[in-house]
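Some notes on the structure that comes next.
The values are calculated or read from the model by the stated rules, or taken from the named source; none is laboratory data. Every value quoted in this text rests on a predicted model; they were computed, and no experiment measured them. Counting neighbours? That spans all protein chains shown, and the Cβs are built from the backbone with ideal geometry, glycine included.
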Amino acid sequence: MLAIVQEEFGGPEVLSPRERPAPEPGPGQVRVSVAAAGVHLIDTAFRRGDPPFPPSELPTVPGREVAGTVDAAGPGAEVWLGRDVVVHLGMAGGGYAEQVLVEAGSLHERPAGLEPAAAVAMIGTGRTALLLLDQATITAADTVLVTSAAGGLGALLVQAARRAGARVVGLAGGPEKTARVTALGAVPVDYRDPAWPEHLRVVGKDATVVLDGVGGEIGRAVLEQLRPGGRAVVFGFSSGDRDWFATARAVRPDVTFPPGLAERPTGAVLRGLESRALAEAAAGRLVPHVTAFPLIEAAAAHRALEERRTTGKVVLIP
Ligand SMILES: NC(=O)c1ccc[n+]([C@@H]2O[C@H](COP(=O)([O-])OP(=O)(O)OC[C@H]3O[C@@H](n4cnc5c(N)ncnc54)[C@H](OP(=O)(O)O)[C@@H]3O)[C@@H](O)[C@H]2O)c1
């Protein structure tokens, strides 16, 4: 089988397509024939070996989310044979491959009508979106500012906030992304336009909620728009500003900061979020947009993410 193997830390070129023997499932395990594998911006940080993330053991096959079909089952897991599934692999990884071993207990049946790429978008990014939305408690009375609003997570957050009846301002880089923000029913702000801070001050006036995974200059600008007493859910620092979680709280001591991802659920709670995320997409209430690359072009997918050229969730298709 083809797998994308990383033998050293570095640029996208360290992701090498290699032939590897098909893995054999042990007790309680299945082998999934992969139809779509998820890629995260954070996978690029793992690939570079960037702190503060603990370095992966090398060699490794990256990828923590897959959808596909069970093509072999170990003792005790035979009930899954031939079923269409979707699964978050946790830190085990191995998703950037044609086949991957999975503990049967972590599998979800892929809902009928939900394409593998869409299911992959929901099992990780969708579950995170629901966790953050539960904390934000958005209603029709809110004005919500979302950064990187055309991204994997951002586009889901915009949709959910619009469904709750809120007014939403979506910030993104460039006309292709802002067109997507507009299509999702939000007011766009293009932060490649030098006049964007003034534009934000007008359209983001009196915001009550901030949902931010970018931080840095952009995160600071949206926080400054927040009304005293507002809620700021801060969940990432795509800008590279590693101190962002602390800085954000110092910038706005007068607003509420729900925990974001600082209190990550585990076990049944996490699994419940995964089930809800899949159900939201199966019912059409959340529609993940996907940018797909062939598996063999995993390095190009990483490059595109790092160069901010993707919209929606990035997936690899074997
Ligand atoms: N997806 C998840 O499950 C998950 C889980 C935990 C944490 N997070 C965090 O949530 C944030 C969004 O995650 P995502 O998976 O949905 O990613 P994403 O938004 O699809 O990531 C790519 C986008 O990030 C934005 N970005 C801003 N500054 C950037 C920079 N310096 N370099 C590269 N990209 C930059 C770009 O959009 P613009 O050009 O529009 O700015 C880019 O297209 C990230 O901080 C991530 O670490 C995500």
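Picking from 210, 203, which residue would you name as being hydrophobic (A, V, I, L, M, F, W, C) and closer than 19 Å to residue 136 by Cα?
Numbers: 203 fails: closer than 19 Å to residue 136 by Cα.
Selected residue: 210, the only one of 210, 203 that is hydrophobic (A, V, I, L, M, F, W, C) and closer than 19 Å to residue 136 by Cα.
From the list 271, 276, 303, 264, which residue is within 16 Å of the ligand (Cβ to nearest atom) and either in contact with an Asp or Glu (Cβ under 7 Å, 6 or more places away or on another chain) or assigned to a loop (DSSP other than H, G, I, E, B) (or both)?
On the way: 271 fails: either in contact with an Asp or Glu (Cβ under 7 Å, 6 or more places away or on another chain) or assigned to a loop (DSSP other than H, G, I, E, B) (or both); 276 fails: either in contact with an Asp or Glu (Cβ under 7 Å, 6 or more places away or on another chain) or assigned to a loop (DSSP other than H, G, I, E, B) (or both); 303 fails: either in contact with an Asp or Glu (Cβ under 7 Å, 6 or more places away or on another chain) or assigned to a loop (DSSP other than H, G, I, E, B) (or both).
On inspection, the qualifying residue turns out to be 264.
Could you tell me which numbered condition residue 160 fails, if it satisfies all but one of (1) among the small types (Gly, Ala, Ser); (2) surrounded by fewer than 24 Cβ atoms within 10 Å (Cβ to Cβ); (3) under 20 Å from residue 309 (Cα atoms)?
Here residue 160 meets the rest and fails (3).
Based on this model, can you work out whether residue 298 counts as modelled with pLDDT under 95 and either outside the structural domain of residue 180 (by TED's automatic domain parsing) or under 15 Å from the mean Cα position of the chain (by Cα) (or both)? Steps first, answer last, please.
Working: modelled with pLDDT under 95: no; either outside the structural domain of residue 180 (by TED's automatic domain parsing) or under 15 Å from the mean Cα position of the chain (by Cα) (or both): yes.
In short, no.
Under 8 Å between Cβ atoms, which residue pairs at least 6 apart in sequence (or on different chains) link something in segment 1-27 that is assigned to a helix (DSSP H, G or I) with a partner that is of a type in the set (D, E, K, R)?
Qualifying pairs under 8 Å: 12/47; 12/303; 12/306; 14/7; 14/8; 14/47.
I'm checking my understanding of the structure. Among residues of segment 50-74 that are of a type outside the set (Phe, Trp, Tyr) and out of contact with any strand residue (DSSP E or B) (no Cβ under 9 Å at 6 or more places or on another chain), which one is nearest to residue 10 (Cα to Cα)? Walk me through it before giving the result.
Let us first name the residues in segment 50-74 that are of a type outside the set (Phe, Trp, Tyr), namely 50-52, 54-74.
With out of contact with any strand residue (DSSP E or B) (no Cβ under 9 Å at 6 or more places or on another chain) added as a condition, the list becomes 50-52, 54-55, 57.
Numbers: 50: 9, 51: 13, 52: 16, 54: 15, 55: 12, 57: 14 Å.
Across segment 50-74, the extreme among qualifying residues is 50.
Give me the pairs, please: first residue somewhere in segment 289-315 and among the basic types (Lys, Arg), second residue anywhere and not in a helix (DSSP H, G or I), beta-carbon distance under 6 Å, and either six or more positions apart or on two chains.
308/173; 313/288; 313/290
Just to confirm my filter: which helices (runs of 4 or more DSSP H) fall fully inside segment 162-255 and include at least 3 residues that are under 20 Å from the mean Cα position of the chain (by Cα) and within 16 Å of the ligand (Cβ to nearest atom)? Spell out how you get there, then give the answer.
Details: elements: 175-183, 196-203, 216-225, 244-251.
Output list reads 175-183, 216-225.
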